[in-house]
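The values are calculated or read from the model by the stated rules, or taken from the named source; none is laboratory data. Predicted, not measured: the structure shown is a model, and the values here were computed from it. Here the Cβ is made from the backbone with ideal geometry for all residues, glycine too, and neighbour counts use every protein chain on show.
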Amino acid sequence: MDMPDTAMILAAGLGMRMRPITETVPKPLVTVAGRPMIDYVLDSVKQAGVSRVVVNVHHLADQLVGHLEQRAGDTILISDERDHLLESGGAIVKALPLLGTDPFFILNADTFWIEQPGAELHLRRLAANWDPERMDMLLTAAPMDRVVGYGGRGDFLLDDARRISRYDGKSPHPCVNMGAAIASPAIFADAPPGPFSLNHCYDHAIGKGRLFGLAADGLWLTIGTPDAIGEAERAMKEFRAGAQPVLSP
């Protein structure tokens, strides 16, 4: 299929685990290696040729909106949740009039990646593997050894057809949902009203056999706590120097 021309970046969270930093700075503007996290995501979107970006805002929204307005040459639309935080799924439902009727990317503002040198851009790989006849969503499913800052046991399993199921807690080679996906707007047709998590959509698609995953290349970083910033910066430096980063257990 053609590249989706629209992306939704989820950026409204309170960043509770990132306190005290997020008491005065919205989490997407927390700096890693000298740059706000959301700028890494926006740069990846722009590099892949996506022309329109929708960003939802809530916590310290004025700071984030002001930063986005300074991004020269970017077309960024704001989905305003100042009055009511809607969680990941509810945020997308609210933004659907801005996102349009074609498949679009969904990205997290606090999860970003460093591309493998010489490899095809990840968002272009997602688009090349998207099949609307079989899929409601195509997620990035990163192997545990490519993820910095993730403290869980795993999120999903992939079968030989790359169809996703929930991790059962014991099977080998679980994957981590890295918050970079393509979705059909149709998956939100029966969404519950008000705030809800994207997990509702994942489970619905799993039940129909229409949730798929694409294994991630490169280095993937999720920044959940202040301690994760230093670990991410070390891993980025090692990866860019051509070394395999040593990840914390």
Query raised in the report: Which condition breaks for A12 when tested against (1) in a loop (DSSP other than H, G, I, E, B); (2) out of contact with any helix residue (DSSP H, G or I) (no Cβ under 9 Å at 6 or more places or on another chain)?
Result: (2)
Query raised in the report: Just wondering, is there one or more residues in the range 121-140 that are free of Cβ contacts under 8 Å to residues at least 60 places away in the same chain and within 27 Å of K237 (Cβ to Cβ)?
Result: no
**Report entry** So I76, is it of a type in the set (V, I, T), more than 16 Å from the chain's Cα centre (by Cα) and farther than 26 Å from V148 by Cα
**Finding:** yes
**Report entry** Selection within the range 2-14 - in contact with a Pro (Cβ under 7 Å, 6 or more places away or on another chain) and at pLDDT below 95
**Finding:** P4
Requested in this report: Name every residue in the range 15-29 that is in a loop (DSSP other than H, G, I, E, B), over 13 Å from N56 (Cα atoms) and in contact with a His (Cβ under 8 Å, 6 or more places away or on another chain), in order of residue number.
Outcome: G15
Query raised in the report: Out of the residues in the range 226-241 that are at pLDDT 90 or above and in contact with a helix residue (DSSP H, G or I) (Cβ under 9 Å, 6 or more places away or on another chain), which is farthest from D131 (Cα to Cα)?
Result: P226
Report summary line: If we take the range 30-142, then strands (runs of 3 or more DSSP E) inside it with 3 or more residues that are closer than 23 Å to F156 by Cα are 104-108, 111-114
Query - Flag if G169 is free of Cβ contacts under 8 Å to residues at least 12 places away in the same chain, surrounded by fewer than 15 Cβ atoms within 10 Å (Cβ to Cβ), of a type in the set (G, A, S) and out of contact with any Phe, Trp or Tyr (no Cβ under 8 Å at 6 or more places or on another chain) - result: no
Query raised in the report: Counting only residues that are within 22 Å of A183 (Cβ to Cβ), β-branched (V, I, T) and in contact with a helix residue (DSSP H, G or I) (Cβ under 6 Å, 6 or more places away or on another chain), how many does the range 213-225 have?
Result: 0
Report summary line: Checked the range 174-220 for anything within 17 Å of M135 (Cα to Cα), in a loop (DSSP other than H, G, I, E, B) and among the charged types (D, E, K, R); matches are D190, K208, R210
Requested in this report: Tell me which of these A189 doesn't satisfy, since it passes every other one: (1) surrounded by 21 or more Cβ atoms within 10 Å (Cβ to Cβ); (2) modelled with pLDDT under 90; (3) more than 18 Å from A109 (Cβ to Cβ).
Outcome: (1)
Query - Residue in the range 4-58 that is nearest to A109 (Cα to Cα), counting only those that are surrounded by fewer than 18 Cβ atoms within 10 Å (Cβ to Cβ) and of a type in the set (A, V, I, L, M, F, W, C) - result: L14
